[in-house]
Amino acid sequence: MLAHRIVLKRGPSIWHRRLLSIFRRPTMRECVTNVKQQDSGEGGVNAFVAFNQAPTGVESAPGRLANCAIAVKDNICTSEFPTTSSSLILQDFQPSYDATVVRLLKEEGATIIGKTNCDEFGMGSMNTYTYHGPVLNPFQTPSPMIPWRHREQRSAGGSSGGSAAAVAAYMCYAALSTDTGGSTRLPASYCGIVGFKPSYGLISRWGVISFADSLDCVGIMAAGVSQVHSLFRVLEKYDINDPTSIPNELRDEARSAIQSNLPNDLKNIVIGIPEEYFPAELNPSISDLFLSTISKLRNLGAIIVPISLPNTKYALSAYYVLASSEAGSNLARYDGIRYGFRSGTRSPVTTSANVYASTRTKGFGEEVQRRILLGTYALTSEAFDNYFLQAQRVRLLVRSDFDRVFRIPNVLSSTPNNPSAARRVDVIMHPSAIRTAPLVQRQKENSELDPYVQDVLTVPASLAGVPALSVPMGMSRDDGWPVGLSIVGQWGTDELVMAIGQLTERALGGFLK
Ligand code: GLN
């Protein structure tokens, strides 16, 4: 797999294709052709793990998404395709039902074009921890002088790398992803597309294979904010099957705080820039690009204010303790007995213990095993207070940092929303990633901690459960690769975040700058 090269195949360049896709929906036939030409074989992107060849020419049902080809991450259950979560342990799992999100898309006439590659159970940042082989970033710098064999093989990002690459290579109109700690925003940033993590609990998780339930969200990816918004409006619904789905009264309450004030321009929009989001690891070319982006928004009338979210520095460690603890208990169900892959039945004495051990050793990849070990340890009686409990405390502090700065109060907060001098920001903005897409090969040379650091800017919004949108803000001057700008809002202000996202996208000249 690592020997694969991205070859620029026949047909329009990726820029041309994306320019087209932002102005009109790609037809089903175009999507199918692009998947066939670019996804498999030598140099293939490897975005899809299952693909529906048939939709060409098929009349889809009427609805708001009629004739839209939608790709779905392979940790979201579909009755038409197997759902493997990119894991050997689920290699033959064929759900008999659609996840709520898939059902809602189909009810609006969408066609599910296929299932997309991801990091195993959503754990990773590079889409390299996958049973199906890594996803290669389809973006290419406009440098026709460089022969294809010298072009770089960069990661599409993870864990929703297949969904991001499918959108970026014009293989679908939009894609469903998931986001537990950044898995929608990071690949969106690396591939130069739009990725949205909604407020926790607004989009149903029923039928989504759990990684860490208290953080997992279904994400949406597309070429532009308006396409993301069109899917959000279909998917944002209370679901009785999902115990974490937010009831309608609270949705209405959050909506009423913003509905009448959705902005038509950036004049007097207050944007907070958190000083903690410029860590040492942030590439200087990205901070420069961010600053020039912010000054463009200021020229359009936005009010830029420096803010502090002091507990940000603890967020990454807290995230990994909490996400791994929840993953350790969620993944206990894959034991080779109830369903899925089974190993160890040939040992001289077949006991359930050696079936469990052998199945889980062979069925899970190294990163998933590492998380299970870390999470199980954090929940032991000797470590619980120092790790799990502390991480929960940090999570509350991170959440209260956000609550302190947003002008709109948090409708989920049980503590009274005290008026505070700091409370004046409509949204927060920061770079989505500390660097551009990393080389796929380099992962092995880097330290074990390196992939985790990539999430440093995305995990705080996940811990707080607030909406976060990544829109392309331009190309790094160092290497010409895309970088995303994150727009983060108060819980339930998803419409506001997308409205400001659209204005920002317009201010930056779409994705072409
Ligand atoms: N990269 C993070 C992790 O590995 C986030 C993953 C995600 O959001 N699914 O846990």
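The values are calculated or read from the model by the stated rules, or taken from the named source; none is laboratory data. Everything numeric here is computed off the predicted structure, so don't read it as measured data. All Cβ positions, even for glycine, are placed from backbone atoms using ideal geometry, and neighbour counts span all protein chains on display.
On the stretch given as region 438-478, residues that are within 14 Å of the ligand (Cβ to nearest atom) and at pLDDT 90 or above total 16.
Among the residues of region 251-279, which ones are of a type outside the set (Asp, Glu) and within 24 Å of the chain's Cα centre (by Cα)? Selection gives Arg251, Ala254, Arg255, Ile271, Gly272, Ile273, Pro274, Tyr277, Phe278, Pro279. Screening Val270 on (1) in contact with a Lys or Arg (Cβ under 9 Å, 6 or more places away or on another chain); (2) of a type outside the set (D, E, K, R); (3) within 16 Å of the ligand (Cβ to nearest atom) shows it passes everything except condition (3). The residue that is nearest to Phe48 (Cα to Cα), among those in region 86-135 that are surrounded by fewer than 24 Cβ atoms within 10 Å (Cβ to Cβ) and of a type in the set (Asp, Glu), is Asp92. Taken over region 479-499, the criterion of being among the polar types (S, T, N, Q) and more than 16 Å from the ligand (Cβ to nearest atom) is satisfied by Gln490, Thr493. Restricting the first member to region 452-477 and to residues that are more than 20 Å from Val228 (Cβ to Cβ) and among the aromatic types (Phe, Trp, Tyr), and the second to residues that are in a helix (DSSP H, G or I) and within 14 Å of the ligand (Cβ to nearest atom), the beta-carbon pairs closer than 8 Å and six or more apart or on different chains are Tyr452/Leu316; Tyr452/Tyr320.
On the given criteria, is Ser287 small (Gly, Ala, Ser) and in a helix (DSSP H, G or I)? Against the criterion (small (Gly, Ala, Ser) and in a helix (DSSP H, G or I)), Ser287 qualifies. Residue selection: Ala318 fails the criterion of being surrounded by fewer than 19 Cβ atoms within 10 Å (Cβ to Cβ) and closer than 30 Å to Ala378 by Cα. Only one of the listed residues (Gly344, Gly301, Gly340) is assigned to a loop (DSSP other than H, G, I, E, B), on the phi > 0 side of the Ramachandran plot, surrounded by fewer than 21 Cβ atoms within 10 Å (Cβ to Cβ) and at pLDDT 95 or above. That residue is Gly301. Exactly one residue out of Tyr314, Tyr320 is within 30 Å of Glu276 (Cα to Cα), more than 16 Å from the ligand (Cβ to nearest atom) and part of a helix (DSSP H, G or I), and it is Tyr314.
Matching residues to (1) among the hydroxyl-bearing types (Ser, Thr, Tyr); (2) surrounded by fewer than 12 Cβ atoms within 10 Å (Cβ to Cβ):
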{"position": "Ala257", "(1), (2)": "no, no"}
{"position": "Asn261", "(1), (2)": "no, yes"}
{"position": "Ile271", "(1), (2)": "no, no"}
{"position": "Ser285", "(1), (2)": "yes, no"}
{"position": "Leu289", "(1), (2)": "no, no"}
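Taken over region 220-243, the criterion of being in contact with a strand residue (DSSP E or B) (Cβ under 6 Å, 6 or more places away or on another chain) and of a type in the set (S, T, N, Q) is satisfied by Gln227 alone.
Within region 232-250, restricting attention to residues that are hydrophobic (A, V, I, L, M, F, W, C) and under 24 Å from the mean Cα position of the chain (by Cα), the residue that is farthest from Leu104 (Cα to Cα) is Ile246.
Applying the condition of being outside any helix (DSSP H, G or I) and among the hydrophobic types (A, V, I, L, M, F, W, C) to region 93-115 and asking which residue is nearest to the ligand (Cβ to nearest atom) yields Ala99.
Mind telling me which of the residues Asp92, Asp39, Asp74 ends up being more than 26 Å from Cys217 (Cβ to Cβ) and within 21 Å of the chain's Cα centre (by Cα)? Spell out the reasoning first.
Working: Asp92 fails: within 21 Å of the chain's Cα centre (by Cα); Asp74 fails: more than 26 Å from Cys217 (Cβ to Cβ).
Just a single option satisfies the conditions, and that option is Asp39.
Within region 27-41, the only residue that satisfies the criterion of being without any contact (Cβ under 8 Å) to a residue 24 or more places away in the chain and either buried (at least 22 other Cβ atoms within 10 Å of the Cβ) or among the charged types (D, E, K, R) (or both) is Lys36. Tallying residues that are surrounded by fewer than 20 Cβ atoms within 10 Å (Cβ to Cβ) and among the hydroxyl-bearing types (Ser, Thr, Tyr) within region 468-513 yields 1.
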